[in-house]
Amino acid sequence: MCGLLQMVPLAYLIPLSVIASMEGVLGFKTYFKDTVASFKDFKTRFRRKFQTEYTDEEEIPDPSVFALRAYDAVWAVAKAMKRLQGTRNLRTLLSSILSSDFKGLSGHIHFINSKLAHVPTFQMVNVVGKSYREMGFWSLKYGFSKNLVEHDSEDKGINSNVLAQEVLGSVYWPGSKNLVPIGLKETTLSSGREKPLQIGVSLRSQLMMAMKDENQNLTTFSIDVFQTAVKSLPYHLDYNFVFYNCSYDELVNKMVYQEHLDAAIGDVERTADRCLLAEFSQAYVESGLVMVVPLKSDKSEDPWMIMKPFTKTMWSLMVAMSLSTGFVVWLIEHRTNAEFGGSFVQKFGKVLWFMFTTLYLGQRDSLKSDLSRFVVAPWLFLILIVSASFIASLTSLMTTSRIVPSKLDVGLLKRTNADVGCDGSDFTVKFLVKTLGFKPRNIKSIASIDDCAEALTNGHVRAGFLLIAHAKVLMAKYCKNFITEGPIYKLGGVGFVFQKNSPLALDISEAIQGLAESADLQQLENEMLSSFSCSSSPIGTNADQSLGPTPFAGLFILSSGASAIALLIMVARLLITRWRIMTFILATLMGKGIWKRLAILFAPNSTNQELNRIQLPNIGSLPQAEGNGSLA
């Protein structure tokens, strides 16, 4: 606007060829009173000076507002220096200039906060032909007015909020029209008769599933975005939707380019060829081409599948508990139970065998000590629960199919000459052939998203290359069966199409940007995806079903506690028995002579001989070391 304000007062300096191209431009110029005596005197002297210095100029111009401001500036400096009476201080001179208060040729010269306090009145002009016509006036205080007398009349109570068109009348717009251009008010077609915009919508849209609104009108996600964007425009836009059963190439080339339609909406991809024919708005959905592959069922052939029901921690804990329980049972039983006797190797093997039999086969050995049974009882209960969980988890792993993505990439597809699917548009096919290197015979055209799902499921194509928006819809409808693989191939974007050089394209782009920043655009997309029966939540493979020790923590504590208690009881009994034996020996020795006691003490096997010789009438009353076994 600043550039236009400067160009209008100096229009006489602009070449006629440039003026002709400005026809229809609406501008402003600063108004100043050219009927006062001071201006007439200045005008006469200005023209005389101009003619003297520029003798070659045929036309002598009138002084512009810039000349008047320069003249007033010189007068302000002169008056300030006169007030200072010869003082040369710049700071004082500036203060004196800012204190100026007089009526100049350009208006009242008075400063507030180092700025001119006078807000000028603007005259609105409309460029027509080689000149411009004056339309009216505008000021901050009085708004629009048709003539200066009405504008200067304060007692008329002119409303500053009145619309310009109500005061100034019609404007001569570019293109020799008296009607407001597209993007500013209601549009008109070339017929000159006001009509709503004709917006084309393709019924072959792959992007969104057609739905009915509350008035039973056909609507899609693209229509919802367009309507929301139009509502945010600062002006009213009247339009009608026209539905066509044609491709987007036909819609752009034959309808919009040939001006049968004012615009087209849908999932129209912005391409270089289409940009030559039409104007595109900003993209309203994420742009790019992705590869969609089916999720396959994988019944694992892992030879170590039998180990997967439990985690490594669980297996380690089971081995440790089995060894500790077997050791405690052996410690209790080995003196009284012949099955737990033998050499060290035999004893260790017995512990391992006990561990294995109790873990998988249940207890098969006979125990003679009640203390051993006290230890084994909670351990067998733990084994029962763990074994049942192991069998259930292993059965689930071996019979339930795990869902994993197909291990495919572009290189593998090309090497194996695999068939791939796409929407069949010229742009997508060209991209797959020239950019990704697929052979044309391996590219299959797919009519709809449902057909793509069927082709991938039946194996007619190994992978589908879809726009991101199409892939989101596919996975929202069939989220258990498909997933995207590989990189995203960036494209031009999906937007709305308008006639070439249409101002409405820019306005809609700004509206879409506003929707994106306010998250309204994302909310519309989420509502669309959630309308499908299958949730668009992320697809995952079967989670790791291995069990850890946490679910069995209570049983482990119970079993280990029983082993600890039994071990403490056994140690206590052993200590008590040893203490009674030593007490009896000492009491017996105290009745002998000192030499005999020393001889017995130092003689080999003296203790055993003495014990064998002495008859102990109450020996049966002494506590035994283990179970029902002997002391030794």
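Some values worked out for this structure:
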{"read-out": "Residue selected from the range 240-286 under the condition among the small types (Gly, Ala, Ser), in contact with a strand residue (DSSP E or B) (Cβ under 6 Å, 6 or more places away or on another chain) and not in a strand (DSSP E or B), by the criterion farthest from ASN481 (Cα to Cα)", "value": "ALA278"}
{"read-out": "Residue satisfying all of: in the range 540-557; buried (at least 16 other Cβ atoms within 10 Å of the Cβ) and aliphatic (A, V, I, L, M); modelled with the highest pLDDT among these", "value": "LEU555"}
{"read-out": "Qualifying positions in the range 465-507 - β-branched (Val, Ile, Thr) and farther than 27 Å from GLU279 by Cβ", "value": "ILE483, THR484"}
{"read-out": "Subset of the range 51-84 that is of a type in the set (Val, Ile, Thr) and in contact with a helix residue (DSSP H, G or I) (Cβ under 7 Å, 6 or more places away or on another chain) - its residue that is surrounded by the fewest Cβ atoms within 10 Å (Cβ to Cβ)", "value": "ILE60"}
{"read-out": "Boolean, GLY411 is within 30 Å of ILE488 (Cβ to Cβ), loosely packed, with under 15 Cβ neighbours inside 10 Å and at pLDDT below 80", "value": "no"}
{"read-out": "Flag for SER232 being within 24 Å of GLU517 (Cβ to Cβ), in contact (Cβ under 8 Å) with a residue 40 or more places away in the chain and surrounded by fewer than 18 Cβ atoms within 10 Å (Cβ to Cβ)", "value": "yes"}
{"read-out": "Enumeration of residues in the range 85-114 that are in a helix (DSSP H, G or I) and loosely packed, with under 15 Cβ neighbours inside 10 Å", "value": "LEU90, ARG91, THR92, LEU94, SER95"}
{"read-out": "Test for VAL497: is it in a strand (DSSP E or B) and buried (at least 19 other Cβ atoms within 10 Å of the Cβ)", "value": "yes"}
{"read-out": "Residues located in the range 129-146, provided they are exposed (fewer than 15 other Cβ atoms within 10 Å of the Cβ), part of a strand (DSSP E or B) and aliphatic (A, V, I, L, M)", "value": "none"}
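The values are calculated or read from the model by the stated rules, or taken from the named source; none is laboratory data. This one's a predicted model, so the numbers in the text were calculated from it and none came from an experiment. Note: ideal-geometry Cβ built from the backbone for every residue, glycine included; neighbour counts use all protein chains shown.
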